[in-house]
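Notes for the one structure printed next.
Since every read-out is calculated from the coordinates, none of them should be taken as a lab result. Quantities reported herein were computed from a predicted structural model and do not represent experimental measurements. Positions of Cβ are generated from backbone atoms using ideal geometry, with glycine treated the same way; all protein chains shown enter the neighbour counts.
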Amino acid sequence: MEILSDRPDLAMVDVCGVKRAINIGLLDEQRVVPGDWILIHVGFAMSKIDEVEARAALDFLESIGQAYEDEIAALRESMIEEG
């Protein structure tokens, strides 16, 4: 993860191999640094979570099978190319 220097309310994150800019403005009270695990919903960082909680969430998503695979495929298709 990287906090964008020209937009401190945005961070570049890796979501299952896809880089995305997300808004971290809701986490004003929590200091966010590269390497933190962040719970993201529709492009907004909702909260910091620890690695154990992140793994549990990923395991659950993977357990729902095809719906998860379809979502990841759509995310990869919408990936913004770096220029």
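Given GLY65, SER47, VAL18, which one lies farthest toward the positive end of the charge dipole of the chain, if we put +1 on the Cβ of every Lys and Arg and -1 on the Cβ of every Asp and Glu?
SER47
Given a Förster radius of 25 Å and the C-beta distance between ALA56 and VAL33 as r, what FRET efficiency does 1/(1 + (r/R0)^6) yield to the nearest 0.05?
0.70
Under the classification rounded if a/c is under 1.5, otherwise prolate if a/b is larger than b/c and oblate if not, where does the chain fall, given a ≥ b ≥ c as square roots of the Cα gyration tensor eigenvalues?
In terms of gyration-tensor shape, oblate.
Which residues' amide hydrogens lie under 5 Å from the amide hydrogen of SER47, considering only partners 5 or more residues apart or on another chain, with H built in the peptide plane?
For SER47, whose amide H was placed from the backbone, the distant partners under 5 Å are LEU39.
Does anyone have the angle between helix 51-63 and the longest principal axis of the chain? Alpha-carbon axes, 0 to 90°, nearest 10?
Approximately 30 degrees, to the nearest 10.
Test of understanding: what is the full-extension gain from ILE72 to ASP9, defined as 0.36 nm times their sequence separation minus their Cα-Cα distance?
Using 0.36 nm per residue and subtracting the Cα-Cα distance, I get 20.2 nm.
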